[in-house]
Amino acid sequence: MHSHNSFVKSILLILLCSLSIACQPSESADANSSDSSASAIKTDVNNNRIVVIGDLHADIGVTRKAFQLAGAINEEGEWIGQALTVVQLGDFIGRSDDDRQVLDFMFDIREKAEQGGGKVHNLIGNHEVFGGRVDNQAVGRSPFSAFEDMEGLDLEDPRLQRLPPEQRARGAALMSGGPYARRIAEFPAVLKLGKTIYVHAGVLPRWAEYGIDRINQEVSQWLMGDRREPNSTRGVDNGDGVMWTRQLTYNVDFYDCELLEESLNILGAERMIVAHTVHREITSRCNDKLWAIDVGMSRAYGGDIQLLEIIDDEQLKVLRP
């Protein structure tokens, strides 16, 4: 039986999470006109242990602790995970103040993992999309000065002029075509490893039909600055895109297992792991076919660190300190 404090904490987490729900986009797209399913991204699991990390929200302390709990790094930040695969489900920036530190940590640990025989997959969440849009609505109190010494920022870009001057360096670094955005463009929006789909918010059937390769390509091109923002980063019906939807995990009590099953059948997968919607604990529903792992573990939310471990693509277990 949960304590009163735990109940209040859970409600606060859900209310905070709801502030990031997307607005409906104005452009339209025919999501059924695609080369359907997950033809590429059918990456085989090349080791027997994967650890999945939810939203980190620009908290460098929690980020390091999460990677340590995963067995990926030691206290000095060196890779010790050997063949471990880490999948981080996006929203590694926003809401707290350590945007640049977390970004630099991610790019550094990806290289160290490769050199050490492991792999770190970062996914793109809605807060990375906020950055690409030059939208500072959900940032920490003071993440801006850390970007001021960056070279090569186009501070005269018209998209930045609506921001206060002190916020423009961060905006220039993260906007589509900016130096950090071009590196984030290397990350997928949707990843399939073995039997599992990894995505920030969820893949609804219309986007499963649209094709996750196509989604990933469009998002990458946009962040590189080579095209306008695609519908796949926004969705066309109540924010139903893969970084935004809450239709699979609307809250801690509602899960749409029929929608999930339809998507999984299209994608040729057995389970989907999502973040985005805050839960007090990592939660599985729909006969363990849906795992919701955003537990609000940054200081912006105050939740406890929890990760999801997958052994041999079959055994799933929650990791806690």
Cβ-Cβ under 7 Å pairs, at least 6 apart or on other chains, the stretch 136-155 side without any contact (Cβ under 8 Å) to a residue 40 or more places away in the chain and at negative phi, far side of a type in the set (Lys, Arg) and buried (at least 18 other Cβ atoms within 10 Å of the Cβ): Phe144/Arg170; Leu155/Arg168
Unique match (being assigned to a loop (DSSP other than H, G, I, E, B), under 17 Å from Leu123 (Cβ atoms), in contact with a Cys (Cβ under 9 Å, 6 or more places away or on another chain) and among the β-branched types (Val, Ile, Thr)) among Thr245, Thr277: Thr277
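Residues are listed down the side, and each one gets a yes or a no for (1) at pLDDT 95 or above; (2) out of contact with any helix residue (DSSP H, G or I) (no Cβ under 7 Å at 6 or more places or on another chain); (3) surrounded by 15 or more Cβ atoms within 10 Å (Cβ to Cβ):
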| site | (1), (2), (3) |
| --- | --- |
| Glu27 | no, no, no |
| Asp30 | no, yes, no |
| Ser33 | no, yes, no |
| Ala38 | no, no, yes |
| Asn48 | no, yes, no |
| Thr63 | yes, no, yes |
| Leu84 | yes, yes, yes |
| Asp91 | yes, no, yes |
Among (1) at pLDDT below 90; (2) crowded, with 24+ Cβ neighbours inside 10 Å - the single one Leu267 does not satisfy: (1)
Some residue of the stretch 176-197 being more than 30 Å from Glu270 (Cα to Cα), aliphatic (A, V, I, L, M) and modelled with pLDDT of 95 or more: yes
Only listed residue being part of a helix (DSSP H, G or I), more than 17 Å from the chain's Cα centre (by Cα) and charged (D, E, K, R), chosen from Arg227, Arg214: Arg214
Where Asp97 falls short, out of the listed (1) touching a Ser or Thr at 6+ places or on another chain (Cβ under 6 Å); (2) not in a loop (DSSP other than H, G, I, E, B): (2)
Qualifying residue in the stretch 174-184 (condition: out of contact with any Gly (no Cβ under 9 Å at 6 or more places or on another chain) and either free of Cβ contacts under 8 Å to residues at least 24 places away in the same chain or closer than 29 Å to Lys119 by Cβ (or both)): yes
Any hit, the stretch 199-211, residues being among the β-branched types (Val, Ile, Thr), in a helix (DSSP H, G or I) and either out of contact with any Gly (no Cβ under 7 Å at 6 or more places or on another chain) or surrounded by 24 or more Cβ atoms within 10 Å (Cβ to Cβ) (or both): no
So Glu262, is it of a type in the set (Asp, Glu) and in contact (Cβ under 8 Å) with a residue 60 or more places away in the chain: no
Residue within the stretch 236-255 that is modelled with pLDDT of 95 or more and of a type in the set (S, T, N, Q) present: no
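The values are calculated or read from the model by the stated rules, or taken from the named source; none is laboratory data. What you are looking at is a predicted structure, and each value in this text was computed from that prediction instead of being measured. Reconstructed Cβ throughout: ideal geometry from the backbone, glycine too, with neighbour counts over all protein chains shown.
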